Amino acid sequence: MLNNTIEINTNTSEMQILDENWFDVNEKSIDEPILIPRTFELNEADMIHDENSDSDSEFDDFESEYDENFDNDTESDIRVEQNKPKKLTPCVLIDKIDGKIQRCKNMDSFRNFRGNGCSKHSTWGLLGKSIKVACNGQHKCPALEECNPICKSVSEDNKNSRYICSECYELEGGHFHVKPGKGKLSTTCTEQKYHDHDIKKNLEIVARWIFYVKDNKNEEYQKKVLGIFLPSYFHFLNENYHVDNFHENPLQSNELNDTSSNHLLIPILLKLPTLFMVRTLTRLNKIPIYLDEKELEEKDFEKIGKIAGDKLWQSYKHLKENQTYLRSPTCITEYIDAFPKFLKIFFEKMLLQLESKKIFRSNRKNKSQNKPLKQSNPQEINKTISFLLSVLIGYAFPYFDLWLPVVLSSLCRRPKLISSLHALLTKCFIIGHTNRHERQLEKTRMQSIDPTKRLRSGNDIFNLAVIDNIDFKEASFGFGNIYDVTRETSHATLRMVFQSTLPILVNEIPEPIKELNVNTQLFGMTQGMNIMQSKIDYAFEKLLDFQKSTDENISYNKDLDVDTIEKEILTRCDFGCLIPPSNVVILTPTGSLNDDNEIFRATQMYKEEFSLNDDGYLDICADEAIFRRLIKSRTRWEKIRPILGQWHTSREMLGVLLTIFSSYGIFHLAAAIGVRFLDKLQAVVDNRSTRRVLELIWVAVGIAIHIYAKKKNISIENISTEPTDNNNVCVKAWYFYYKYFAMWKSHLIGIRIGNYELQHDSLTAFAPLFPAAGKNNYTTSVAHFLSILKKYPNLEKKLKHCASINLTRKGHYLAYDEALEVHGVGYVKQNIIGNVINQENLNLQIKATQEEKERIDILLNEFLDPYNYNRKDP
């Protein structure tokens, strides 16, 4: 061996290859017994030895070591009893497994060592670390052999050995001995030239290691590597360089001339290490120098994405050539084959890799449970591949009319096939689970929802409870109710709360109460209503713009309609509800409202949800029918303060006007402007249509009244006080219609602009007309409502700040009960699913409607254009 040596500092991080701590592996279980040797039992009495027979052992070439213990002339029978190891330590080699660098951990592919005769093959020391491999791999393969100082044979008694499984041994450059068979000569891996390119492969590993150092972020590490590598590199650049002339490098940097005691002298290798040694040492140092081991960085994926995008854009010609198969294929395989090959291969390999990982994990569990093992199904993967390819091509070339997107568009227009669409999307893994499983998850979610968590609390929060009936009818037969079967219905009490943040404290305790007596005025014209009536009169006069000619003829503006007059009136009114939008919460429903006990139960639920004490009041709004039941419930809990719903009251006021003026020809006027179904008009079946008809009549009457007063040169208020004769009876009758409808119009305007005084004054003025029209129930309910407002001044104070629900744009606010219909009844019916006839399911659905809708809204708001999807609740 030459005396030329190179002095290397083993303390530097880049020279871990020479350090004693080079192997960074877990040695916690290294002292445990790994392999149990086979037991040989010899029965000399029955030994029969056939000299002409071939050995069944793969180790027949070196079994002669054992023959010295037996008499060759004595026939014997050998029974080999094999005890399979119950616990093996994992293989020590490190590789890229499951996408990350880690130990092999293989515990199944060890080949048992056999007897003392194999011990000389089994244990080697690589740079001081004990390595064990199966002796069959060392029989004739030179993967592990004496190569000082890299590899040395060590004692088998070393307990700190690391074991390499058979699979890793072959992958890293080793070869097992293969029995040639009868009449054939045994050939070695060297004779078969398996190791001819080992030197080039070793150089390739060194070259890749240099690139690994280049990409390392530790600059000091790079400097030290160069300090050691460059002197040798410069020597090799000399054309007259010879090995015999190699001497210690005089150009070493000061950093490498450290004179500490940790220097290690390594002689120049006279014998090169094998590929297995180099690869094993590289693996154990966790150096990712192989292409499959390199962890791709973000910039690598960015580059791959740009290349794939350019290639996809350039594949238009290919798509054109296969246009027939892309638009009308005969099968899914033909459809996929028509796409660019590079995209198909990319997704196919990626999905197959994922599929194999999933199947491996599933089969490992199935095997332990003795269940059938799963197999990969490429046809199922093709469904997902076709969807992904269609998305990419559709994005790049949106007008290509691909088969899958076009058919899906047609399928979306067929509600009866929604289950098939769901199943298709599930197959493509667009939907996470089946419809049946979604029903189970939905029920679990709904049961866990607590709507009271959506409630706000604070001294400035005004809780306005609103209740109403909500009913559902059983779905008809899919093709029409051809059997004329009676459909079942279900009912529930929809409970809601509108929480408004007021600029005042709302929890004043105790609240002041006014005592009512016979002198308390509840009905009749008020000063506020008189002022509003004057504003309406002025609006007509201004828009009519009367002009008198020299001959005393009157001319006026004829270009005006309902909307024009309403806009002019609004300019003279004060807007209210100048607070943030209310918080709407749909609470847990109760039973049918036809039972007084259910009404009272609903109020007690509100009391518990609002955390009301004994002095707290429950302000609850409802239509007239429920309002009367709430009045009854006050005998059981006097803290209930019912509020009569403005929207239902406004509707009933229209019915009062129709009843009063039915004998004055109002239906003839309605028929003259095109109304066909007068019975439905009288019943106020459609509130909006009835309102529009009466508004048109009101505008016509108002114009006629103002023209009459102008011609008579009298004030419009004096029409009712004129002496009655045959000429003005009709005018007086319709003047009252003009005046009464102005009260209704003022009430509606007060709702839309959130003006409490306008609502209160118009209802107070209109109230005496309810008994005149025979509306006894409303007469009583309005009297109770107005008395409650008089009795509790703090309630009036709160209502002045939130006279309506301001969830819509300014000037289009909703009444309390109207907001319940829109944001409660309508909202629930639009979003409820499942069996609504089942009462338990119906209650769960109503309680969870808001939570479920918001889950979907988040998705739709993010993906859909705001012009196509309203971000706010309906």
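A short reminder: the numbers here are calculations on the coordinates, not readings from a lab. Here the structure is a predicted model, which means the values were calculated and not measured. All Cβ positions, glycine included, derive from the backbone under ideal geometry; neighbour counts span all protein chains shown.
Key figures for this structure:
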quantity: Ranked list, fewest to most other Cβ atoms within 10 Å of each Cβ, for Met529, Met446, Met350; calculated: Met350, Met446, Met529
quantity: Dipole magnitude of region 288-373 about its Cα centre (Cβ charges: Lys, Arg +1; Asp, Glu -1), debye to nearest 20; calculated: 480 debye
quantity: Trypsin sites (Lys or Arg not before Pro) restricted to region 542-619 and DSSP loop, no more than 12 other C-beta within 10 Å; calculated: Lys558
quantity: Residues Glu298, Glu442, sorted so that the one with the fewest Cβ neighbours within 10 Å comes first; calculated: Glu298, Glu442
quantity: Distance from region 646-670 to region 495-525 (C-alpha centre basis), Å; calculated: 31 Å
quantity: Per DSSP, loop chymotrypsin sites (Phe, Trp or Tyr not before Pro) in region 347-422 with at most 12 further Cβ within 10 Å; calculated: Tyr399
quantity: Alpha-carbon centroids, region 788-822 and region 589-637: separation in whole Å; calculated: 19 Å
quantity: Net charge contributed by nearby residues that have their C-beta within less than 13 Å of Leu275 (K/R +1, D/E -1); calculated: -2
quantity: Cα-based reach from Lys453 at 20 Å (exclusive), listing lysines while leaving out same-chain residues under 8 positions away; calculated: Lys443, Lys607, Lys847, Lys853
quantity: For region 739-870, size of Cβ-based charge dipole, Lys and Arg +1, Asp and Glu -1, in debye; calculated: 760 debye
quantity: Cβ-defined net charge surrounding Gln521, 14 Å radius [Lys, Arg +1; Asp, Glu -1]; calculated: +2
quantity: Proximal lysines to Lys548, defined as alpha-carbon separation beneath 28 angstrom and excluding residues fewer than eight positions away on the same chain; calculated: Lys535, Lys558, Lys567, Lys710, Lys711, Lys712, Lys732, Lys739
quantity: Region 531-673: radius of gyration over Cα atoms, expressed as a fraction of 2.2 N^0.38 Å; calculated: 1.65
quantity: Counted charge near Leu230, where neighbours are those whose Cβ lies closer than 12 Å (Asp, Glu -1; Lys, Arg +1); calculated: +2
quantity: Region 291-448: C-alpha gyration tensor shape, a/c 1.5 cut-off, then a/b vs b/c; calculated: oblate
quantity: Region 515-575: GluC sites (Glu not before Pro) falling in loop per DSSP and having at most 11 other Cβ within 10 Å; calculated: Glu515, Glu552
quantity: For Thr330, Thr849, order by how many other beta-carbon atoms lie within 10 Å, fewest first; calculated: Thr330, Thr849
